[in-house]
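What follows is a single structure, written as structure tokens, with notes after it.
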């Protein structure tokens, strides 16, 4: 399988970084082709200065990300939940990369759109300090509503699987290692 792996935590040495690195190594060892980008090392302006009225010229790292998206069969995104949502850098990446004409295209005379990234699946691996039930109950899984439903599924990714790792700040090193072992074990050859 062709996998595009995006570490969407700006710190590669974080728990998210360790998850992404282990995923990368395991997927390669199981025979997958993997293209791996680390959002914190990419150079781009995350702000849409004119909204979508004017498409900003994409920086080389964003052009490469689009190439990876078109190439992949599965897009894996590893990110933390901050303030009940996506990190700002990930939101800016999505705003700049998945624009109309690349990821979707509205119809002229009806409210529907074409999903230009059909034929690809996605997997979201998210971390948070709060208990999983709190993220669901208090925030209504706001991050998943934004990235899974309103972004990836909107653009045609299906299925979009999710894995939520909660109570991270309470986990010891051994517990974190067991979580990573489970994630890499679940990667099918």
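Where strands (runs of 3 or more DSSP E) fall wholly inside segment 1-73, the ranges with 2 or more residues that are more than 27 Å from residue 105 (Cα to Cα) and at pLDDT 95 or above are 33-38.
Of the residues making up segment 140-189, those that are more than 19 Å from residue 96 (Cα to Cα) and in a loop (DSSP other than H, G, I, E, B) are 140, 141, 158, 159, 166, 167, 171, 172, 186, 187, 188, 189. The set of residues in segment 133-180 that are loosely packed, with under 15 Cβ neighbours inside 10 Å and either in contact with a strand residue (DSSP E or B) (Cβ under 6 Å, 6 or more places away or on another chain) or at positive phi (or both) comprises 140, 159, 161, 167.
Restricting attention to segment 74-88, the residues being buried (at least 18 other Cβ atoms within 10 Å of the Cβ) and either part of a strand (DSSP E or B) or under 10 Å from the mean Cα position of the chain (by Cα) (or both) number 8. Residues in segment 104-139 that are assigned to a loop (DSSP other than H, G, I, E, B) and under 18 Å from the mean Cα position of the chain (by Cα): 6 in all.
Taken over segment 22-34, residues that are closer than 28 Å to residue 102 by Cα and crowded, with 18+ Cβ neighbours inside 10 Å amount to 5.
The values are calculated or read from the model by the stated rules, or taken from the named source; none is laboratory data. Quick caveat: nothing in here was measured; it's all calculated off a predicted structure. Quick reminder, even Gly has a Cβ in these numbers, built from the backbone with ideal geometry, and neighbours come from all protein chains shown.
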